[in-house]
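Undergrad: Sharing a structure, written as structure tokens. Questions coming.
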Amino acid sequence: RYSLMLGTEVDLQQVENNVFAMETVLKAWLQEQGGDAEHLHLLLPSSSDSPLPVCLKCDMQERLISPALVPVTPSLGVKTESIQNFLPVVRGNQSPAPQRLKVVKVLHADGVCESVLYGLPLVIRPTTCWRLDWDEMETNSSLFHALCHTLRSRDLFLLLQVESDRSAAAGSGVYSHYILQSSSSLSLLLKPVVSRELLLPCSLLVSNQEPAPSALHTVQEQRPAGTTTIPLQVSISRVSLSSHHIRAHNSCTRKVWL
């Protein structure tokens, strides 16, 4: 609608009478809505008779508000840079107590969207703490192995919640959640999950139509022996990717000393 008093157009929205609807409208203001320029150019290899790559021009959208930007209790998972950020906060010279996570739900692996996960993941293994006796450590390892096998064979994840003191939970009302993911080895992967309060609105369009034949041919263009112009790799090796940061740092250091 056009406002005579403001001399500009006013966007009038009807919002449902609930907390979630109000949160969605307010969070939408935090996202960049302008279309002045694209954010990303995705380059795909082109056919051999064209030296220029196929350029897909894209826009990017923030999926969540970083917990580090919210000045609230650390229970929200503000930092995920090290194990120390995960352990409960202790005062003085006391040793940190183990963090206690309780399973609240079992999830299908294909039902978890990566966009709701954030921060650095932690690898979880059966403990080798010397304070445990041998029988307890052996029993613990067997139970851990059974859990890994069950999650992997059934393609399941676990949703975990920090088990905090009732008094603290009643005072802050804040809990942090994690996803526990299985692997092919005797280990699990722990990833923080963003809470509803920090999740930004995102409309993911689903198309029931087939892509245009010309566009599909450009993206899926085949090479002899059924190979494409993009090399195929079954998995990411630990040594297959390098940022060359150390090489660049050493080069800069030599230049300074010279």
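Quick note: the coordinates plus some simple rules give every number you see, no bench work behind them. A quick note: this is a predicted structure, and the numbers were derived from the prediction, not measured. Glycine gets a Cβ as well: all are built from the backbone with ideal geometry, and neighbour counts include every protein chain shown.
Undergrad: Report the charge-dipole magnitude of the stretch 94-164 in Debye, nearest 20, computed about the Cα centre from +1 at each Lys and Arg Cβ and -1 at each Asp and Glu Cβ.
TA: Dipole about the Cα centre, nearest 20: 160 debye.
Undergrad: What does the charge count near L160 come to, summing +1 for each Lys or Arg and -1 for each Asp or Glu among other residues with Cβ under 12 Å from its Cβ? Don't skip to the end; give the middle numbers.
TA: Working: positive: R100, K102, K105, K191; negative: E163.
Summing Lys and Arg as +1 and Asp and Glu as -1 gives +3.
Undergrad: Right, another one. Taking H placed 1.01 Å from N in the peptide plane, check which residues at least 5 places from E163 or on another chain put their amide H under 5 Å from its amide H.
TA: Those qualifying (amide H under 5 Å, at least 5 residues apart or on another chain) are R100, L101, K102.
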